[in-house]
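Written out below as structure tokens is the structure these notes cover.
Read-outs throughout are calculated quantities, based only on the coordinates presented, and are distinct from any laboratory measurement. Predicted, not measured: the structure shown is a model, and the values here were computed from it. Methodologically, a virtual Cβ is constructed for each residue, glycine included, from the backbone with ideal geometry; neighbour enumeration extends over all protein chains shown.
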Amino acid sequence: MAVDKLERAYLKPTKKKYVEPFVLIPSEVLNSPAYRDLGYSARSMLIELIHYYSGTNNGYIWISPGVLDARGFSKNTATKALKELRTHGLIYMTKRGGNQRGGCSWFALTWRPINRIEGQFLGQFVANQYRYWERDDKIKGGDIGIGYPNNWEIVDKTCVQSTPKEIDCNTREGLKVNLQIPNSVTYKDMPYIG
């Protein structure tokens with residue numbers, strides 16, 4: 001009869017409290033240069049992928065095209081967002097899906113440990129790959145065709161085409177371009193290949 005009150009509390013069956021599922025992104029990921037460089041569609045795609053991460057399925061997280069359509073992603077936007085997440089090192093494609101192979105592609109979050117199952121390709125997987133990402137100003141798809149031609153290569157205007165036979169613009173490589181074009185080209189002038 002002299003049972004301790006704390007000991008009696010352990011003997012009572014406890015009901016598990018229901019916890020609403022949530023999306024958890026570590027501060028290290030949010031503060032990384034790779035995440036800060038993402039576009040808004042890639043950020044929202046990352047949240048969708050983390051939404052389907054259950055804690056035991058990293059490496060085979062998948063989202064069907066129907067779910068993406070219901071969530072407001074077009075096919076092109078989803079493809080670009082997933083490609084951007086892969087190039088920034090935040091996700092890794094462990095299995096390629098599609099029409100020819102059937103099924104969806106599988107993805108892994110690079111900051112979580114991978115749960116290995118049959119059919120995954122992990123040959124080039126690098127844990128925390130977003131840490132090693134560096135911005136490449138030479139190749140930035142979002143800025144192509146935008147802006148003024150400040151840095152465009154200027155053609156030397158001293159090169160004047162005097163005759164249609166040969167042009168020498170004194171380029172750096174010393175290239176000579178032969179622009180000799182016949183006056184009339186018809187299908188009868190072309191050789192017969194049979």
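Remarks
- Between Lys83 and Lys15, the FRET efficiency from the beta-carbon distance, with R0 = 35 Å, is close to 0.15.
- Amide H contacts under 5 Å for Ile61, placed H, 5+ residues apart: Phe107
- Cα shape, the range 24-135, gyration tensor, a/c 1.5 rule: oblate
- At most 11 other Cβ within 10 Å, DSSP loop - trypsin sites (Lys or Arg not before Pro), the range 34-114: Arg101
- Label zone at Asn76, where the point sits 7 Å out along the Cα-to-Cβ direction: the range 84-114 residues whose backbone N lies under 15 Å: none
- Residues Glu28, Glu48, Glu134, sorted so that the one with the fewest Cβ neighbours within 10 Å comes first: Glu134, Glu28, Glu48
- Ranked list, fewest to most other Cβ atoms within 10 Å of each Cβ, for Val126, Val19, Val67, Val29: Val19, Val126, Val67, Val29
- Which of Asp37, Asp69 has the fewest Cβ neighbours within 10 Å, and the rest in rising order: Asp69, Asp37
- Spin-label pair Tyr52/Asn128, simplified geometry with 7 Å Cα→Cβ offset, distance in nm: 2.7
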